[in-house]
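Quick notes on the structure that follows.
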Amino acid sequence: MSVLTADTRRDIEIHRYPFLVYALVPLAALVLQAWLPRLLGPYTWFDLPLVVTVYFSLGRRSPIQGTLLGGVLGIFQDALTHHAIGINGIAKTIVGYVAASVGVRIDVDNYTIRLALNFLLSLLGSAVYFFVYHILLGLTVDWSWLMEFLKALGNSAIALLLFPVLDRFRMQD
Amino acid sequence: MEPFFVRYRNLLVLLALLLAQMIGLAMQVRRTSVGLSSFDTRDDRGVRLIRLWANALVSPPERFIHSTKLGAVDLWQNYLDLRHARQENHDLQQTIDRLRLEQAALLQDALQGQRLQALNQFQEKYIYKTLAAQVIGASGSDHSRVFNVDKGSNDGLKPDMAVITADGIVGKVREVFPHSAQVLVIDDQTSGAGVILETTRIRGILRGNADGRTQIVDILADQRIQPGEKVLTAGGDQIFPRGLPVGVVEKVERDPERDSFINVIVKPAAHLDRLDEVLVITSTEPRFPSDQQQDMATSEALKGPEVEAEEQRKKASEIMAERLPGLIDPNLPPEQQPLNDSTPPNPVGHTAQPLHPDRFTPGAAEDQGAGQPTGQTGDQPAKATQNKAAPDASLPKKSAAPKTGAAKPPATGTPAKPTADPQSRRNP
């Protein structure tokens, strides 16, 4: 149980990164998310902006920053699609807020927890997306939960590889 | 006591951001009169600006990646090859690496050259004006199947232009930016293209489904639709010209929501997931080659005298028609017009009876030649004439009798004396 709770000084520390990391990593996530489908075709089972949102929200442990980061990334992601702007924005806003709120309470350096969190938050983002798109706006959409499940798995796998790489850029106190 | 805004600032920021985005969504999505929500594709200026910013942010890196041709797959393969070569021999590794890089570059160039050549040949044969464009990026969301091309409004692109390849249709231009444009692919759920099945001539609307496959919807169940049938554009959507290849029928599925309808799954002719170069139809006015244009000009030149001759023939026939006797007598009522006469034509019946027969009277020549007395000849030819004319002359009267119920003269005015009728002579 001790691994799950952030009850030590090390666990509740706030991760800080250079400004370039804050600027370039989300931008790279947006660009790669827009470019990689060209190579992978229909096997684009990941959402890099969501993974980045989860990572920074967990690390910063600030619900406001997580909310803003998720909102901005989601809105920009919406702007690259042909859908109404704000659907991904709302989904990632909630994901950023929840991730940061959870990050305050648990040990986010544990790989198992990171995997599980990414998986669950991906499904949460998909659910919010579907809710906003279909229920709130009343737009018709063919929805496949299998695809969302695969996407959540892909996000977890990417997080497993990406989080340690990003951890190297963490500023030490 | 902690102030309210400080204590709940996280939640308040969340709610404020959510509320702002919901208001933004409410301004974009409209509810139609039939109760369905729809997203107006023509954004207002504010939303359009956000798309412009996002495009300006993402397009340059995409363009850079595309221009350097540093594909992730190539990097991965080359990385593996390098590791393998280093284990074998370090000197050879460098040579192999250099040669492979060159070979890969040459191969890529050759492949791209072949693709461009095929595209150029297709473009030359195609009668519509097209513009070649390179695919530089996508939306990154499987709920929004769009991609970006490196041509924009500065190159003459406009919304709703059709995007095709030599294999088949790809989609339509949706958003146009100065140096790039967004293309909505036909396998998106919100896309729509009017299509027709080549053999059965059944029309439908092509769109994507949740699995990213293209399907024709709103088709009644029909046993004639079989896998393998070609699908073409119908041309009724004002975007795609008719007759362009769309794909082939892959399978037919029952519509789960409507029993009598089916969904026809179509395998697109164009490789939608491996697009590098596309053609944008910038003008649907036919663009014929020079030799065909010359043929058309010759045809137009030859058509002039033919039209003039045809008009002269028409004019001559009108003049002839005016000179010929008409079939309408202005002095008779409509029911007695000669045009309405149904009796068979009888030139003998129309022959006027001579009041004073002479030797020139038809039938009197033999009698005159025989040297008969004039007093007898005056009756006999008359009788002979009457006897010959009587059956014919009685025809109109008989036909008219049931209608009138009396010995009324026929409407045609055919002379029929009572004495000439054998019946009248028997029953005076």
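Readers should treat all values here as calculations from the given coordinates under stated rules, not as data from a laboratory. Treat the numbers as computed from the prediction; the structure is a model and nothing was measured. Please note: Cβ atoms are built from the backbone with ideal geometry, for glycine as well, and neighbour counts cover all protein chains shown.
Between amide H atoms placed 1.01 Å from N, distances below 5 Å from residue B:266 occur with B:214, B:215, B:216, B:250, all of them 5 or more places distant or on a separate chain. 3J(HN,Hα) along the range B:209-215, derived from phi through the Karplus expression 6.51 cos²θ - 1.76 cosθ + 1.60 where θ = phi - 60°, amounts to 10, 5, 7, x, 9, 8, 9 Hz, with x in place of Gly and Pro. In this simple spin-label model, placing a label point 7 Å from the Cα along the Cα-to-Cβ direction at both residue B:217 and residue B:27 gives a separation of 3.0 nm.
Inverting the mean 1/r over all pairs of different Cα atoms, compute the Kirkwood radius of the range A:19-167 and quote it in Å.
Details: mean 1/r = 0.0660 Å⁻¹.
For the range A:19-167, inverting the mean 1/r across all distinct Cα pairs yields 15.2 Å.
Ordering B:64, A:46 by the number of other Cβ atoms within 10 Å of each residue's own Cβ, fewest first, gives B:64, A:46. The H on the amide N of residue B:137, modeled in the peptide plane, is under 5 Å from the matching H of B:148, each at least 5 residues off or on a different chain. The phi-based Karplus calculation (6.51 cos²θ - 1.76 cosθ + 1.60; θ = phi - 60°) puts the 3J(HN,Hα) values of the range A:50-57 at 5, 4, 5, 4, 5, 4, 5, 5 Hz, whole numbers, x for Gly and Pro.
Measuring between their Cα centroids, the range B:111-183 and the range A:71-111 lie 32 Å from each other.
Pairs exceeding 21 Å between alpha-carbon atoms, taken from B:172/B:251; A:151/B:172; B:151/B:172; B:151/B:267; B:172/B:267; B:158/B:230: B:172/B:251; A:151/B:172; B:151/B:267; B:158/B:230. Across the range A:102-115, computed HN-Hα scalar couplings (Karplus, 6.51 cos²θ - 1.76 cosθ + 1.60, θ = phi - 60°) run 5, x, 5, 9, 10, 7, 8, 8, 6, 5, 5, 5, 4, 4 Hz from first to last residue, x flagging Gly and Pro.
Which order do A:114, B:145, B:313 fall in if you start with the one that has the fewest other Cβ atoms within 10 Å? Could the numbers behind the result be given before it?
Working: A:114 21, B:145 26, B:313 10.
Result, fewest neighbours first: B:313, A:114, B:145.
Placing pseudo-labels 7 Å out from each Cα toward the beta carbon at residue A:21 and residue A:150 gives an inter-label distance of 3.3 nm. For residue B:132, the residues whose amide H sits under 5 Å from its own are B:280, ignoring neighbours fewer than 5 places away on the same chain, with H placed 1.01 Å from N.
Exposure proxy ranking for B:179, B:356, B:66, based on other Cβ atoms within 10 angstrom of each Cβ and starting from the fewest, stands as B:356, B:179, B:66.
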